[in-house]
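Notes to accompany the following structure.
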Amino acid sequence: MVDERLELKRSGNRLLAQRQFDDAQKKFEELIRKFPHAPEGYVGLAKVFSRTNRPEEVVSLLEPVAEDIDYAPTFHLLGDACRILANRGKREFVDRAIEYYRRYHERRPDPVSLFYQADLLAKKKKDHEAALSCYRASWDLDPKGRLAYNGILNCLRRLGREEEIAEYKTLWKERKKTT
């Protein structure tokens, strides 16, 4: 017999996949009510908010519980929501997005979260040295990742490090040959 917690999660995810957002929201809210310490309800509800373009609600839902549930997807969803808000001109969310992506990456090394972190550091904070470090780490995890490669080149240009640009272009060609 499937336990109630798992069944609510599956049902909510099924409804979410079918884009039945109102019904999915109800399932995840029920999951939170019945199992307030389980991360699945919060993550599911945050996904509903995210897919219905409500990043403020993602932040309001997850920030108060993120530390207690300490679940990697929570930090990624928070990073995404804060990045969206930062890109909408709400500068107070830049540092929060960077921090949430960093915390996600601590739990699950991932080139995408590193890329987003680097992108925010470069574009919003103009910290090209820190961004370069994140782009490099992202590219190390995904050696054929063109976005991270381009980020590296852009940071090196801004830092005036032309010799390193030539080295990375050579490295890019070598990596492409191995496909």
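The values are calculated or read from the model by the stated rules, or taken from the named source; none is laboratory data. Computed from a predicted model, the values in this text were never measured in an experiment. Note that each Cβ is placed from the backbone with ideal geometry, even for glycine, and that neighbours are counted across all protein chains shown.
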*Find all pairs meeting these conditions: Cβ atoms under 9 angstrom apart; at least six residues apart or on different chains; first residue within region 119-140 and in contact (Cβ under 8 Å) with a residue 12 or more places away in the chain; second residue of a type in the set (Val, Ile, Thr) and not in a helix (DSSP H, G or I).*
none
*Is region 167-177 home to any residue that is assigned to a helix (DSSP H, G or I), buried (at least 23 other Cβ atoms within 10 Å of the Cβ) and over 18 Å from the mean Cα position of the chain (by Cα)?*
no
*Would you call Asp68 over 16 Å from the mean Cα position of the chain (by Cα), surrounded by fewer than 24 Cβ atoms within 10 Å (Cβ to Cβ) and either under 19 Å from Ser50 (Cβ atoms) or not hydroxyl-bearing (Ser, Thr, Tyr) (or both)?*
yes
*Kindly list the number of the only condition in (1) more than 26 Å from His76 (Cα to Cα); (2) assigned by TED's automatic domain parsing to the domain that holds Tyr71; (3) of a type in the set (Phe, Trp, Tyr) that fails for Tyr101.*
(1)
_The conditions are (1) over 14 Å from the mean Cα position of the chain (by Cα); (2) surrounded by 20 or more Cβ atoms within 10 Å (Cβ to Cβ); (3) basic (Lys, Arg), and Arg83 fails exactly one of them. Which is it?_
(1)
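Would you say Gly79 is within 23 Å of Ser50 (Cα to Cα) and outside any helix (DSSP H, G or I)? Give the derivation first.
Details: within 23 Å of Ser50 (Cα to Cα): yes; outside any helix (DSSP H, G or I): no.
The answer is no for Gly79.
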*Among (1) assigned by TED's automatic domain parsing to the domain that holds Asn154; (2) under 23 Å from Glu57 (Cα atoms); (3) of a type outside the set (Phe, Trp, Tyr) - the single one Lys90 does not satisfy*: (1)
